[in-house]
Amino acid sequence: MKRIRGGVRLGKLKKRILFLVLFSIIIMGLFGFYYYSFERGKDYATMGHYTSKRDRYTAISHFSNVIMMNPFNEKAYLWRGSVYSTLGDYSNAISDLNKALEIGNYQTNVVGYQVRGHTYYRSGDYDKAISDYNTVLEIYPYKDSSDYYFTLRDRGDAYKKLGEYSLAENDYSLAEKIFAENNYSHKGGMPFPA
């Protein structure tokens, strides 16, 4: 074999270059699969919200793949928790949403508390739902936003379920005021993360 500068054999250099190229291809492939799984999970989650259970289970599978590759991806936990909640699997939903809130940032926390509050509401734990809605209203600065409107409306629903009709009416009144000022839609349902 021919020697080149530094005494490295040309054969060893080729092997190193080949190793680096293959390593780069593997890393790019994993990143592509990671990104693909996350986006496909979102697609199936939003389709599944309106169509079949099978689509929602497919979404859970995709988000589980993302979490397997990166256990610190708070958005994957948030999305998977949202999907579990729509399926009525509240224990897994709460577990994922707690994990998302544990590792998430400010934006994730606002959405995480909204979704977890909605999950608690759907499971019949209205006190915990109210607690999460209160947290959203405390940390979310945009008082004229649709998120604020929906959170007030949902908290009012939880108060109503507990028989706290005056508190519910206060929330409904404030929500309607925000609605009228900003011309929001009354469409509701399970919020999905951005």
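The values are calculated or read from the model by the stated rules, or taken from the named source; none is laboratory data. Being a predicted model, the structure only gives us computed values, none of them experimental. Cβ: placed from backbone, ideal geometry, glycine included. Neighbour counts: every protein chain shown. Ligands, DNA and RNA are excluded from the accessible area calculation, which covers all protein heavy atoms including side chains. Shrake-Rupley method; radii C 1.70, N 1.55, O 1.52, S 1.80 Å.
Residue by residue, here is whether (1) of a type outside the set (A, V, I, L, M, F, W, C); (2) out of contact with any strand residue (DSSP E or B) (no Cβ under 6 Å at 6 or more places or on another chain); (3) in a helix (DSSP H, G or I) holds:
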| position | (1), (2), (3) |
| --- | --- |
| G88 | yes, yes, no |
| A93 | no, yes, yes |
| V111 | no, yes, yes |
| V115 | no, yes, yes |
| H118 | yes, yes, yes |
| S131 | yes, yes, yes |
| V136 | no, yes, yes |
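Scanning region 103-127 for residues that are among the aliphatic types (A, V, I, L, M) and surrounded by 15 or more Cβ atoms within 10 Å (Cβ to Cβ) yields V110, V111, V115. Pairs are defined by a Cβ separation below 8 Å, a sequence spacing of at least 6 or placement on different chains, a first member in region 142-169 that is without any contact (Cβ under 8 Å) to a residue 12 or more places away in the chain and under 16 Å from Y126 (Cβ atoms), and a second member that is open to solvent by less than 40 Å² (accessible area, probe 1.4 Å) and part of a helix (DSSP H, G or I); the pairs so defined are K160/A168; Y165/Y159; L167/G156; L167/Y159. Which ones in region 128-146 are under 15 Å from T108 (Cα atoms) and open to solvent by less than 60 Å² (accessible area, probe 1.4 Å)? Correct list: D132, Y133, T135, V136, L137, Y140.
What are the residue pairs meeting all of these: first residue in region 80-102, first residue of a type in the set (G, A, S), second residue open to solvent by 30 Å² or more (accessible area, probe 1.4 Å), Cβ atoms under 7 Å, and 6 or more apart or on different chains? Between residues of region 80-102 that are of a type in the set (G, A, S) and residues that are open to solvent by 30 Å² or more (accessible area, probe 1.4 Å), the close pairs are S82/F192; S85/R122; A93/Y84; A100/E74. For region 60-102, filtered to residues that are among the charged types (D, E, K, R) and within 15 Å of Y120 (Cα to Cα), the residue that is farthest from the chain's Cα centre (by Cα) is D89.
Restricting attention to region 149-172 and to residues that are open to solvent by 30 Å² or more (accessible area, probe 1.4 Å) and out of contact with any Gly (no Cβ under 9 Å at 6 or more places or on another chain), the residue that is nearest to A93 (Cα to Cα) turns out to be D157. Scanning region 76-98 for residues that are surrounded by fewer than 21 Cβ atoms within 10 Å (Cβ to Cβ) and of a type in the set (D, E, K, R) turns up just one, D89. Among the numbered conditions (1) at pLDDT 95 or above; (2) under 27 Å from I60 (Cα atoms), the only one that S166 does not meet is (2).
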